[in-house]
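**Student:** Quick one: the structure is below, and I'll ask about it shortly.
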Amino acid sequence: MHLNESVKSSLQNIFSHKLRSFLTLLGIIIGVFAVVTMFSSVYGLKNLIYERMEGMGWNNSILIYPSSGEENTSSFRRMRFRYIKREHKPLTFSDYLMLKKEIKTKYIYGIVENYEKYYHQTNEDYVQIRATNKDFFEAQTYPLLSGRYFNIFENANSSKVCVVGYHFADNYLKNENPLGKLIKIGTNRYKIIGVLDLDVLNQDGMNFNPWQRRRDLRAVYIPLSTGSRYLRAGNAVDYIYLQAENDNTFAEMKTHTHQKLLAKHMMAHDFSFNDVGALMLKITQELQDMMKKWNITLSAIASISLIVGGIGLFSTLLISINERMMEIGVRKSIGATDLDIFLHFILEAVILALIGALIGIGISTFIVKVIAIALKSDFPVPIQGVLLGLGFSLFIGLISGFYPAIKASKIDPIKAIYYFE
């Protein structure tokens, strides 16, 4: 008997008993659905967390800030340092320009932060004014609602222009067009050239540092050169942020940054690193370990449904042997071998399991897409989950169908023909 004839015969038998076939497949459908949905949910959640961490500029990044150099000394020497009058060189705008030119990064920006009086009509209020550059908005994922960011000319010439956060514009300039408007903060006047949009990272109900991000959107932003010139003495900056392209280049970026700053500061250790990237890498590794444990746990739970489905498939095939005794006897009497009968039954088991797997994958894909739309995020169906579901269901089909196929192939054709007489 040819293989394609066995396949056709198996399909005819499956579809001639639709209800029985469906009930047989129910356990496999539920098991495969659980496996694929579990993999997709865990994979999608992990991607979502990584995406939000990257969107807030937390991964592969370092902060550089001024330091007196006491951090690396003993407690006794630190006590002595308190009574010694000394000076340490602050980070400056020229340090930022040097690092931007010499170090390969994904994002680099400096920060100068102040709270200044904002004069609005007859009212006065303290607002945060922050000097930075375009990389800050891109690293923190703050898109524009209207206007533009600072251009090269404004950055180079310390222009008195500003980009305001969404909540600043909503609080102080409601029902007005902020673009082109002059506002007075402290002793300086700034022209508004852009307005930041709402926080795109937390719009779908996910809370990723919402307090800090709301605070950012209440601030006023000016070019870094403007802030270091008008808000600090000696063109100082409060800190410099650098983010590497990926995990592989992070260590190299950190080492080169340290070397370049030491050379520029005449080997003085008057700056410190806050290694945000190392902390995020540790959190990422812990997250991966946790996800692996969840995968193992949920896979074990989903496997129970597949095993139950396999038992149902095994029982159905055993029952069908008695129903198809005449068919087995006729096939053997016209030349079918034991191998032909074995392949016929094993193919029927595998096809049933494959149909159940495909239905389970289809249902899972639909549910995952619905969840992704509801969360306004990307929840892909990973190929690993699909392959695991298919592989496990085919394995269950082979195991469940092996004994019934052996039993059917060993039946004597004469006894099979006269089985019902």
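Readers should treat all values here as calculations from the given coordinates under stated rules, not as data from a laboratory. The structure presented is a predicted model; accordingly, all values stated were derived computationally and were not measured. Backbone-built Cβ (ideal geometry, glycine too); neighbour counts: all protein chains shown.
**Student:** Rounded to the nearest 0.05, what FRET efficiency do M267 and E245 have when you use their Cβ-Cβ distance and R0 = 22 Å? Intermediate values should be presented prior to the final figure.
**Tutor:** On the way: r = 28 Å, r/R0 = 1.30.
About 0.15, to the nearest 0.05.
**Student:** Another question, then. What number does the stretch 311-421 give for Rg over Rh if you use C-alpha atoms and the Kirkwood radius? Spell out each step's value before the answer.
**Tutor:** Values: Rg = 19.4 Å, Rh = 16.0 Å.
Looking at the stretch 311-421, the ratio lands at 1.22.
**Student:** Could you compute how fast the stretch 108-238 diffuses translationally, taking Rh as the Kirkwood radius over C-alpha pairs and applying Stokes-Einstein at 4 °C with viscosity 1.567 mPa s? Give it in µm² per second.
**Tutor:** Details: Rh = 14.8 Å.
Translational D for this selection: 87 µm²/s.
**Student:** Still on this structure, please answer the following. To the nearest 20 Debye, how big is the dipole of the stretch 108-238 about its Cα centre, given +1 on the beta carbon of each Lys and Arg and -1 on that of each Asp and Glu? Before the final figure, lay out the partial values.
**Tutor:** Details: 16 positive and 14 negative charges, 88 e Å.
The dipole of the stretch 108-238 has a size of about 420 debye.
**Student:** Taking the Cβ of R189 as the center, what net charge do the other residues with Cβ under 11 Å away carry, scoring Lys and Arg +1 and Asp and Glu -1? Mind dumping the intermediate values first?
**Tutor:** Details: positive: K160, K181, K184, K191; negative: none.
With Lys, Arg at +1 and Asp, Glu at -1, the neighbours total +4.
**Student:** Based on DSSP, what percent of beta bridges with both residues in the stretch 108-238 are antiparallel, to the nearest 5?
**Tutor:** Values: 20 of 28 bridges.
Restricted to the stretch 108-238, the bridges split so that about 70 percent are antiparallel.
**Student:** Given R₀ = 41 Å, what would the calculated FRET efficiency be for K184 paired with W294, taking r from the Cβ atoms and rounding to 0.05?
**Tutor:** Working: r = 54 Å, r/R0 = 1.32.
In this case the efficiency is close to 0.15.
**Student:** Sticking with this one: As a quick test, which of the pairs K134/K174; K101/K174; K101/K292; K104/K264; K117/K174; K106/K184 have an alpha carbon distance above 29 angstrom in this structure?
**Tutor:** Values: K134/K174 25 Å; K101/K174 40 Å; K101/K292 41 Å; K104/K264 17 Å; K117/K174 19 Å; K106/K184 34 Å.
Listed pairs above 29 Å: K101/K174; K101/K292; K106/K184.
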